[in-house]
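Just below is one structure, and these are the notes that go with it.
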Amino acid sequence: MKSYQKLLLENKAWAAEKIDSDPDYFNRLANVQTPEFLWIGCSDSRVPANEITGTKPGEIFVHRNIANMVIHTDVNLLSVLDYAVNHLKVKHIIVCGHYGCGGIKASMTNTDYKAVLNMWLRNIKDVYRHNREELDAIENLEERSDRLSELNVIEQVVRLSQTTIVQNAWEKEKAPHLHGWVYGLKDGMINPVFELAAGSDIDPLYRYDKIQ
Ligand code: CO
């Protein structure tokens, strides 16, 4: 059997099991989704949002990319953010990075990953540059990249607060609250490292007045 055929087979078994234990399961989920959380995580296959948080289908709206970045020209991310905030009215946005992140580690090297990946990883290099003194002082490279994972998550949460989508919602809905978490591949534990409650102060440089 081909590897992908196993996935389809597993899917059949999973669907049958769900219906077996709860005949109305899919009918209920098919009609509406009202997730309370937007998850912006790393694409890494070892960090599945639902599994590590014990949540079920319907509970978390998910966006994933390499190193869980919030880039203001990323139409994909912004569309997800807009829909989650303005239509689904999520109460919390969680940016979840992870220790041992390959994207974070790659950004710390001088390797030429070619055009597209270099472009993406440069955004992480910028986070490094903003925190160069602290990071350069950490001699162990693994510890240094783990700290960059934390600092990166903080920066991405701040970037969320810089968008008119979030600022608008803070003004009108007093939500969503923003969270920066880092997941540990080695112990499965999530470390909450940063939080911005709705209505928190925003650097005046990024604050928009006359929000429509
Ligand atoms: Co990663």
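The values are calculated or read from the model by the stated rules, or taken from the named source; none is laboratory data. On a predicted model such as this, the values are computed, not experimentally measured, just so you know. Every residue, glycine as well, gets a Cβ built from its backbone with ideal geometry; the counts of neighbours run over all protein chains shown.
Here are the numbers for this structure:
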quantity: Qualifying residues in the stretch 61-74 (those that are away from the ligand (no atom under 15 Å from the Cβ) and touching a residue at least 40 places away in the same chain (Cβ under 8 Å)) - the one surrounded by the most Cβ atoms within 10 Å (Cβ to Cβ); calculated: 71
quantity: Count of residues meeting criterion [within 18 Å of residue 78 (Cβ to Cβ), among the β-branched types (Val, Ile, Thr) and touching a strand residue (DSSP E or B) at 6+ places or on another chain (Cβ under 6 Å)] in the stretch 154-212; calculated: 1
quantity: Top-ranked residue of the stretch 1-60 - restricted to ones that are away from the ligand (no atom under 16 Å from the Cβ) and among the hydroxyl-bearing types (Ser, Thr, Tyr), ranked as farthest from residue 93 (Cα to Cα); calculated: 3
quantity: Residue in the stretch 115-130 that is at pLDDT below 95 and either part of a loop (DSSP other than H, G, I, E, B) or among the hydrophobic types (A, V, I, L, M, F, W, C) (or both) present; calculated: yes
quantity: In the stretch 81-104, residue nearest to the ligand (Cβ to nearest atom) [restricted to those that are part of a helix (DSSP H, G or I) and surrounded by fewer than 19 Cβ atoms within 10 Å (Cβ to Cβ)]; calculated: 102
quantity: Sole residue being farther than 26 Å from residue 189 by Cα and of a type in the set (D, E, K, R), chosen from 114, 105, 91; calculated: 114
quantity: Residue within the stretch 142-156 that is loosely packed, with under 15 Cβ neighbours inside 10 Å and assigned to a helix (DSSP H, G or I) present; calculated: yes
quantity: Filter result (of a type in the set (S, T, N, Q) and under 13 Å from residue 67 (Cβ atoms)) within the stretch 147-175; calculated: 149, 152, 156
